[in-house]
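Novice: First the structure, then my questions, so here it is.
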Amino acid sequence: MVARVIDIAVVRAVQLGLLLLAAVARAAPLETVVVVSEDTGFARAVDEAFRAAGIVTLQVGDLAEPTITDLAGASRRLADREHATAAVILIFGEDATLIAYDRGVDRALVRVLPYRGPLDARQSAEAAHMARTMLRALRVTPELDLPPPHPQEALAIRAQTAAAQLAAPTAVSDAASDAADVGVIAVGLGGGLRAGAPGAAAGASGSVQLIWRPDAVGLAVTASLARAAAVDAAAFAGTASDAVGALTARLARRPAPRWWLAGEAGAALHRVHVVGSLSGTRVDVARYDPAIRIGGVAMFVVSRRFSAGLAAWADGLLVRQDYRVANQRILDVPVAQITLDVTVIARVL
């Protein structure tokens, strides 16, 4: 019997591991931009500028300098080779030439910058933000051919990008600023019903949850307690309660600015406690039962720190608990339990 339980636990653990790997893969960035430059400072500045928008960059250094008549073709081959959505290329000559290419519209923009390599920190930041602006222009107005700006216009563009760089720490995207402001630790409180609780078809329950990285791939520790239920059997009268602790991996997504969804999968441990009297003899028995847990939450964002919504968990107990005293069945605990909670989550650190 013990060997069978161990086999089942191993199989469930492998299945859970595969689910977590799939969740991490789905959580990876959906957009990659290739960066070609001998200037490592510029490459780092591009990475910082694009990371705020959830875009990952990949630096390569083995691209031959494209000819002016084949900018789009060379950039397209580069993006296809690296399975990227766009490319940013910086070439040094008498001046620096910045090329931004978008694979979706298959077009490239070119800007000549009055810099010589290597760029200093200010120049790198300015060029990186200009590259991001050029890619945005390609996607917003893909039907336009935008020539390099007039020298006076170029001065204004450089001044604007420099000002944007200075303001970047306080002018990041809403999602990034929210994450920076609220941190990575959250606490949740919930109350609701548990179906399949010992001694009752459904009973009241409460839960407390500690969450690491509530807005991304993270972990959650949950403790919950179902209200003790009366147990009546032949010659027995008493109560049964079920306290649960769980550790789950968690994947959260925001489908809309004020809504987010999260899925959970992991393991739980149930402590079923039976107290009562059997033919005048006191009975006080507690048993522990491991379980596999899956669940999910749907939350409405009330403020930057508080969200409220519904949480649901389903536990599959690995060992069916059959309570007997003196060959008399006192309690039969269901294998499956489902909890539905109204919950509030507060981000604290």
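The values are calculated or read from the model by the stated rules, or taken from the named source; none is laboratory data. Model, not experiment: these values are computed from the prediction. For neighbour counting, all protein chains shown are included, and Cβ atoms are generated from backbone atoms with ideal geometry for every residue, glycine included. Remember, those area values only see protein heavy atoms, side chains included, never the ligands or the DNA or RNA. Shrake-Rupley method; radii C 1.70, N 1.55, O 1.52, S 1.80 Å.
Novice: Just to confirm, what accessible area per residue do you get for the stretch 220-260 at 1.4 Å probe, in whole Å²? Don't skip to the end; give the middle numbers.
Specialist: Numbers: 2010 Å² over 41 residues.
Accessible area per residue, the stretch 220-260: 49 Å².
Novice: Only loop residues by DSSP count here, and only those with at most 16 other Cβ atoms within 10 Å; note down the trypsin sites (Lys or Arg not before Pro) in the stretch 255-316 that meet that. Please report the intermediate quantities before stating the final value.
Specialist: Numbers: sites: R258, R271, R282, R287, R293, R304, R305; in loops: R258, R304, R305.
Filter output for the stretch 255-316: R258, R304, R305.
Novice: Would you mind calculating the relative contact order of the stretch 177-288 from Cα pairs under 8 angstrom and at least 6 residues apart, reporting the percent as a whole number?
Specialist: Values: 259 pairs, mean separation 21.4, N = 112.
Relative contact order of the stretch 177-288: 19 percent.
Novice: Next question, about the same structure. State, as an integer percentage, the relative contact order of the stretch 203-349 based on alpha-carbon contacts under 8 Å between residues 6 or more apart. Provide the component values of the computation, followed by the final result.
Specialist: Values: 365 pairs, mean separation 25.0, N = 147.
In percent, rounded to a whole number, it is 17.
Novice: I've got another one for you. Each label point is 7 Å from the Cα along the Cα-to-Cβ direction; what then is the distance between the points at V56 and L225, in nm?
Specialist: For the pair V56/L225, the computed spacing is 4.4 nm.
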